[in-house]
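Have a look at the structure below, then the notes.
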Amino acid sequence: MVLQDRAKATRGAIIVGAAQVFEQHGFGTASISLVAEAAQVTKGALYFHFKSKDELAKAVLEEQHAIALAAGEIILAEKAPALETMIQLCGAFGALLAEDLVMRAGIRLTLEASAFNQDVRKPYEDWIATMGHLAGQAIEEGHIKPSVDPATLSRYIVASFTGVQMVSNVLTGREDVMMRIQQMWEILLSGIIHSASGLDPDRLAALIARSHESIRPALGASA
């Protein structure tokens, strides 16, 4: 049991070390030596768990997806109205990008996936499907206009969020990412809220800040 726990801890340290190297250097210039140094393990220990740089990148991407899913489950468990849940999910993912190393590394690797032949569509497909389901529910709840197509809206939100966080990273290192996500929703809500819903768009957009706090348990040692 002790050996298993030690092996698990070593593997986790390697993934965090790999995330650090991939975020700083990208996949192309990252090396096994740099990862071993960042993780503070020997190359032998690293190769025991991962046979190649490709395997390391895949592990980081899988860990990123797991972190995002855990945060999403926390938000979904609150059973808030669907539109509020959609907003808080974006806030949660923004908070993770601002604070979690593995999340940031995963995003960079997603953009470089062609370099190591990795299919990175599933996390986006899962997120689009979740947002589409919530958008349909929000229409039924009378909060989103019935003329809005849930599938189209979900793809637009995911694409908008992706662009917002990427530009935030380029310009400020994501220091302003939470504010930019809130601004994204302020603009979007003015076009999709049902006129008879009685909802305040400003109050809804402000939920971004609350989502940041609610997913604190999902922020692990990699932050």
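The values are calculated or read from the model by the stated rules, or taken from the named source; none is laboratory data. Keep in mind that this is a model prediction, so the values were computed, not measured. All Cβ positions, glycine included, derive from the backbone under ideal geometry; neighbour counts span all protein chains shown. Ligands, DNA and RNA are excluded from the accessible area calculation, which covers all protein heavy atoms including side chains. Shrake-Rupley method; radii C 1.70, N 1.55, O 1.52, S 1.80 Å.
Computed values, structure above
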{"read-out": "Near pairs, Cβ below 7 angstrom, 6+ apart or cross-chain, from the range 13-31 (in contact (Cβ under 8 Å) with a residue 12 or more places away in the chain) to any residue that is open to solvent by less than 40 Å² (accessible area, probe 1.4 Å) and of a type in the set (Ser, Thr, Tyr)", "value": "Val16/Ser222; Ala19/Ser222"}
{"read-out": "Helices (runs of 4 or more DSSP H) lying entirely in the range 131-212 (those with 1 or more residues that are among the aliphatic types (A, V, I, L, M), in contact (Cβ under 8 Å) with a residue 40 or more places away in the chain and under 27 Å from Arg121 (Cα atoms))", "value": "150-172, 177-192"}
{"read-out": "Residues within the range 156-171 that are in contact with a helix residue (DSSP H, G or I) (Cβ under 9 Å, 6 or more places away or on another chain), surrounded by fewer than 17 Cβ atoms within 10 Å (Cβ to Cβ) and either more than 21 Å from Gly94 (Cβ to Cβ) or β-branched (Val, Ile, Thr) (or both), tallied", "value": "2"}
{"read-out": "Residue list for the range 61-90, restricted to those being more than 10 Å from the chain's Cα centre (by Cα) and under 18 Å from Leu199 (Cβ atoms)", "value": "Glu78, Lys79, Ala80, Pro81, Ala82, Leu83, Glu84, Thr85, Met86, Ile87, Gln88"}
{"read-out": "Residue check for Arg174: on the phi > 0 side of the Ramachandran plot and of a type in the set (Lys, Arg)", "value": "yes"}
{"read-out": "Residue satisfying condition, being modelled with pLDDT of 90 or more, buried (at least 16 other Cβ atoms within 10 Å of the Cβ) and over 27 Å from Ser190 (Cα atoms), within set Leu153, Leu134, Leu101", "value": "Leu101"}
